[in-house]
């Protein structure tokens, strides 16, 4: 069984992708998991239902900028790996308030690297050789593509939003700690994730929830911005594969070869909702409403996952059609999960208009 006898730190484990990683580790491996999360507005421990009472799970409410608290966790649990998924991630929020993105994504990654390095240096040679630090990043660091081409691991960085700039900075820190201090690090850059337990501010859950409520469906600009969509459970498997088999110092791009325009995504959601929860107002595509575009909105992202597929044998199990059906069905069936978020005061108003 994978990761038998290994303690793995997952930072940001109460977030969307982090919780998917922890669910996978608890269900499909023998790893002992320590979930390190600050519990920001987008965190939700209910996203890991199997964690309650689980013998291989611990939770620590810790900010990754808190070096003292991190040091205590390293001393107490002696991990064999760190998976860093703690990040502020919503582009619109980064436009309105970039400071928190700089703090968490850059300063927090620095603090985590420093504490991981000090811990790693204290290990015996065999433990040092097996230790891994996996930093999880985004394809947005590469900037915007034209109509053709794909992002590869050698694509130059050209971030265009405060969010992507903060993630690009953290990627460079991780690389530098490998090159300068020999900390055994890896980096992954993924395409847009979707699936169960995603916070309602992101495009797909936002549209599902509004569609269920019979509200208008606002689409930025002309709706032709293209994203490459990755089902979150496929991403979790990819990350654990990189952690287990990836080459130290390497970057791996993770994508599902599922490019869609934003308008195509919204239309697909409408069609699935119309099928499983018909509205007496008629087809939901009629509710699409084009609104002012996001400032600096990148036109197209697309990932080339060939390196990951070739070297580690990973393949996405869900294409966009099957993944969006599963996702819409989950939000329809699990309304209590997201309704509790709305009840806590989350507002679905537009952000990031600058």
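The values are calculated or read from the model by the stated rules, or taken from the named source; none is laboratory data. Nothing here was measured: the structure is a model prediction, and the numbers come from that model. Because the Cβ atoms are built from the backbone with ideal geometry, glycine has one as well, and the counts that use them run over all protein chains shown.
Just wondering, is there one or more residues in segment 178-196 that are closer than 28 Å to residue 317 by Cα, crowded, with 19+ Cβ neighbours inside 10 Å, modelled with pLDDT of 95 or more and out of contact with any strand residue (DSSP E or B) (no Cβ under 8 Å at 6 or more places or on another chain)? Looking through segment 178-196, at least one residue is closer than 28 Å to residue 317 by Cα, crowded, with 19+ Cβ neighbours inside 10 Å, modelled with pLDDT of 95 or more and out of contact with any strand residue (DSSP E or B) (no Cβ under 8 Å at 6 or more places or on another chain). Could you go through segment 286-304 and let me know if any residue there is assigned to a strand (DSSP E or B) and either out of contact with any strand residue (DSSP E or B) (no Cβ under 8 Å at 6 or more places or on another chain) or within 28 Å of residue 14 (Cβ to Cβ) (or both). Within segment 286-304 (the criterion being assigned to a strand (DSSP E or B) and either out of contact with any strand residue (DSSP E or B) (no Cβ under 8 Å at 6 or more places or on another chain) or within 28 Å of residue 14 (Cβ to Cβ) (or both)), the answer is yes, since at least one residue qualifies. Contact annotation: no residue pair with Cβ atoms under 8 Å, 6 or more positions apart or on different chains, pairs a residue in segment 152-169 that is on the phi > 0 side of the Ramachandran plot and at pLDDT 95 or above with a partner that is surrounded by 21 or more Cβ atoms within 10 Å (Cβ to Cβ) and in a helix (DSSP H, G or I).
Give me a count of the residues in segment 238-259 that are surrounded by fewer than 18 Cβ atoms within 10 Å (Cβ to Cβ) and not in a loop (DSSP other than H, G, I, E, B). Residues that pass the stated criteria total 2.
You will find that of 143, 149, the residue that is over 19 Å from the mean Cα position of the chain (by Cα), modelled with pLDDT of 95 or more and either crowded, with 18+ Cβ neighbours inside 10 Å or over 30 Å from residue 46 (Cα atoms) (or both) is 149 and no other.
Exactly one residue out of 175, 224, 158 is part of a helix (DSSP H, G or I), more than 18 Å from the chain's Cα centre (by Cα) and surrounded by fewer than 20 Cβ atoms within 10 Å (Cβ to Cβ), and it is 175.
With respect to the conditions (1) in contact (Cβ under 8 Å) with a residue 12 or more places away in the chain; (2) farther than 18 Å from residue 198 by Cβ; (3) surrounded by 15 or more Cβ atoms within 10 Å (Cβ to Cβ), residue 283 falls short on a single one, namely (3). Close Cβ contacts (under 7 Å, 6 or more residues apart or on different chains) running from residues in segment 324-343 that are without any contact (Cβ under 8 Å) to a residue 60 or more places away in the chain to residues that are part of a helix (DSSP H, G or I) and surrounded by fewer than 16 Cβ atoms within 10 Å (Cβ to Cβ) comprise 329/276. Of all residues in segment 121-140, those satisfying the criterion of being under 21 Å from residue 8 (Cβ atoms) and surrounded by 14 or more Cβ atoms within 10 Å (Cβ to Cβ) are 123, 128, 131, 132, 133, 134, 135, 136, 137. In segment 40-81, which residues are assigned to a helix (DSSP H, G or I), under 19 Å from residue 336 (Cα atoms) and in contact (Cβ under 8 Å) with a residue 60 or more places away in the chain? Once the filter is applied, which keeps residues that are assigned to a helix (DSSP H, G or I), under 19 Å from residue 336 (Cα atoms) and in contact (Cβ under 8 Å) with a residue 60 or more places away in the chain, segment 40-81 yields 46, 47.
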